[in-house]
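K.L.:
Supplied in structure tokens, the structure appears directly below.
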Amino acid sequence: MKCPFCSHPEDKVVDSREGKEGRVVRRRRECLSCSRRFTTYERVDEIPYMVVKKDGRRESFDRNKLLTGLVKACEKRPVPMNALEAVVDEVENMLQESAEKELPATLIGERLMERLKVLDQVAYVRFASVYRQFGDLNAFMDELNRLLGQRKS
């Protein structure tokens, strides 16, 4: 860090404090040449993760959008909010651990449905009916029959 007053490349940190919920570190520095003090801020450089929609559009990953969809699917169902947040955490971790900064929405949707199927089958059917956009009653019944067939196994 160069001193903003004399451009000397060396300084010492006099004071450090966290700010804004731990997302920023404020450092008070003193130039080793001119002894003047200045303040710097360090922030985590967040990489925007993108979701590639079915039609090819790209959209920023939105954790709240996933959670809202899950909450709607689980409306009036005995699914605790912390279980839904854990599902969203899992998807978010999958995105962060991916070598790619873009993930297809289909991959995210399938992961959500897998987890919902375990948590609550009614919520799963609700979510799947919106996500898969069943064209008619037969497609919907096929999915229900598949679910019932797995349940008997």
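K.L.:
Tell me whether the stretch 60-72 contains one or more residues that are farther than 30 Å from residue 142 by Cβ and surrounded by 13 or more Cβ atoms within 10 Å (Cβ to Cβ).
P.N.:
yes
K.L.:
Right, another one. Quick one: residue 30 ticks every box in (1) in a loop (DSSP other than H, G, I, E, B); (2) surrounded by 13 or more Cβ atoms within 10 Å (Cβ to Cβ) except a single one, so which number is it?
P.N.:
(1)
K.L.:
Given the options 109, 56, name the one that is small (Gly, Ala, Ser) and modelled with pLDDT under 90.
P.N.:
Going through 109, 56 in turn, the sole match is 109.
K.L.:
Name the single residue, out of those in the stretch 123-143 being aliphatic (A, V, I, L, M), surrounded by 15 or more Cβ atoms within 10 Å (Cβ to Cβ) and farther than 17 Å from residue 88 by Cβ, that is modelled with the lowest pLDDT.
P.N.:
Among residues in the stretch 123-143 that are aliphatic (A, V, I, L, M), surrounded by 15 or more Cβ atoms within 10 Å (Cβ to Cβ) and farther than 17 Å from residue 88 by Cβ, the one modelled with the lowest pLDDT is 128.
K.L.:
Return the pairs, sorted by first residue and then second, in which the second residue is of a type in the set (Ser, Thr, Tyr) and part of a helix (DSSP H, G or I), the first residue lies in the stretch 105-119 and is in the same structural domain as residue 78 (by TED's automatic domain parsing), the beta carbons are less than 7 Å apart, and the residues are 6+ apart or on different chains.
P.N.:
Final answer for the pair search is 109/131; 113/124; 113/131; 116/124; 117/124.
The values are calculated or read from the model by the stated rules, or taken from the named source; none is laboratory data. The structure presented is a predicted model; accordingly, all values stated were derived computationally and were not measured. Cβ coordinates were reconstructed from backbone atoms using ideal geometry, including for glycine residues, and neighbour counts include every protein chain displayed.
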